[in-house]
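First the structure, in the form of structure tokens, and then the observations on it.
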Amino acid sequence: MTEKRLPPNQQLVKGERWPVVGERSPRESDSPWTLTVTGEVVREVVYEFQELVSRPSIRRSIDVHCVTRWSKLSMQFEGLRLLDLLQLESGAPLWKESARYVSFVARSDRSHSTSLSLEDVIELDPLVALRADGRPLDGEHGGPIRMVVPGRYFYKSVKWLECIEFLSEDRLGYWEAEAGYHNDADPWKEQRYIAATISKQEAKRLIEQRDFSGRDLLSLQAVGMKLSNLNAMAAALRNADFSRAVLLDANFRESNLSNAIFHGADLRRADFRGADLEGADFKGADLRGTDLRDTSLFGTTFGNVDSTLTSCNAANVDPTTRVNETALTSLAPEQRRLLEASRQ
Ligand SMILES: Nc1nc2c(c(=O)[nH]1)N[C@H]1C(S)=C(S)[C@@H](COP(=O)(O)O)O[C@H]1N2
Ligand SMILES: [Mo]
């Protein structure tokens, strides 16, 4: 049953854990919280926060799937149906004929946003959430008010919702524009990232030179390549595929390897210090002498773990694999146990 509810290549978070992803707090402001509905609308509407809180709320059980591969099933969210807030008193829609997309904007320092097509809004019936698991939303999880969009990766659910803008043309959200996150975001179709940012020829040249330092190489295909001594310092390599690649002594310091795949890669003595490894997958990789200190390991996989802690595809980790508390605290508990057991 659970299996059917877990989209491909997602792992369940254990117990009560709810990772914080992205921004951690709203913009500081003394003005009271309001929610504005604007853009291609018949009439602009500004909701006072108190008015929203005093409306009868509904409760929904929603499965949360983060693009960095963690999922949390049956979260209990309470709040208001977005579609109810997008109606005139007559019950007619607030949006104009010309409206095709909806942008959700946060009260945050970077005015974080994400968008959905109007069709998706109608079909997915999102929630404007005020409470989660029986309590008011924590600030770091988007309190006092956030979007929760079922059926899409969680980056489509803006924290600290302040403005809803109807658009005739789509406007890419923050992660979609900055990190190459897929605009459709369907976890069942694994729509995590858009295609690679560079041409095959350009990739070939960089691979020959073994110098990726500082480059943006989203979704790079490097399966099975011989890349010992690679310099990938501070490179953006989200979603790159290094399966079975030879990466002895590679330098990945401060690089972004979110969701990168290293299945069976030879990473002996590679240096990952300070790298973002959220959602990266090291199943079957050789990590002897590898340095993982000060990395971010939310949703990182080192092997499939069952209750007996045996794993047929675990990474090769031994006492020469370096890791510190900074890195370990961000790792899921069963993955941490696997790593620590093998390091003894
Ligand atoms: N304002 C704002 N909303 C945001 C983000 C963000 O950085 N800023 N990150 C998104 C991403 S990628 C995810 S996975 C979820 C994380 O929500 P959580 O921190 O409550 O788990 O929020 C989404 N909404
Ligand atoms: Mo995310």
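Numbers below:
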read-out	value
Distant-in-sequence amide H partners of Cys163 (H built 1.01 Å from N, under 5 Å)	Thr36, Val105
Relative packing of 144-151, 199-206, 68-75, 316-323, which averages over residues the other C-beta atoms within 10 Å, highest first	144-151, 68-75, 316-323, 199-206
Reachable lysines from Lys156, criterion Cα separation under 27 angstrom, eight or more residues apart if same chain	Lys4, Lys14, Lys72, Lys96, Lys189
Once the Cα gyration tensor of the chain is diagonalised, semi-axes √(5λ) in Å	40, 22, 17
Principal-axis tilt of helix 200-209 within the chain, Cα atoms, nearest 10 degrees	40
Percent antiparallel among DSSP beta bridges (both partners in the chain, rounded to 5)	60
Net charge over other residues, Cβ less than 15 angstrom from the Cβ of Ser31 (K, R count +1; D, E count -1)	-2
Phi to ³J(HN,Hα) by Karplus 6.51 cos²θ - 1.76 cosθ + 1.60 over the stretch 165-171, Hz, x for Gly, Pro	10, 7, 10, 8, 10, 5, 10
Residue-wise HN-Hα coupling along the stretch 280-294, computed from phi with Karplus coefficients 6.51, -1.76, 1.60 (Hz; x: Gly, Pro)	6, 10, 10, 4, x, 7, 8, 10, 6, x, 7, 9, 10, 5, 6
Calculated from backbone phi, Karplus (6.51, -1.76, 1.60) coupling profile of the stretch 227-239 in Hz, x at Gly/Pro	10, 4, 6, 3, 9, 10, 4, 6, 7, 9, 10, 3, 6
Long-range amide H partners of Val45 with built H, under 5 Å	Val37
Computed [θ] at 222 nm, helices only, for the chain once each DSSP H run of length n ≥ 4 contributes -39500 (n - 2.57)	-3500 deg cm²/dmol
Amide proton proximity set for Trp70, modelled H, under 5 Å, gap of 5+	Gln11
Overall form of the stretch 83-180 per C-alpha gyration tensor (a/c, 1.5; a/b vs b/c)	oblate
0 to 90° range, to nearest 10: angle between helix 333-343 axis and the chain longest Cα axis	10
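Every number here is computed from the coordinates shown, using simple stated rules; none is lab data. Note that this is a predicted model, so its numbers are computed, not measured. Every residue, glycine as well, gets a Cβ built from its backbone with ideal geometry; the counts of neighbours run over all protein chains shown.
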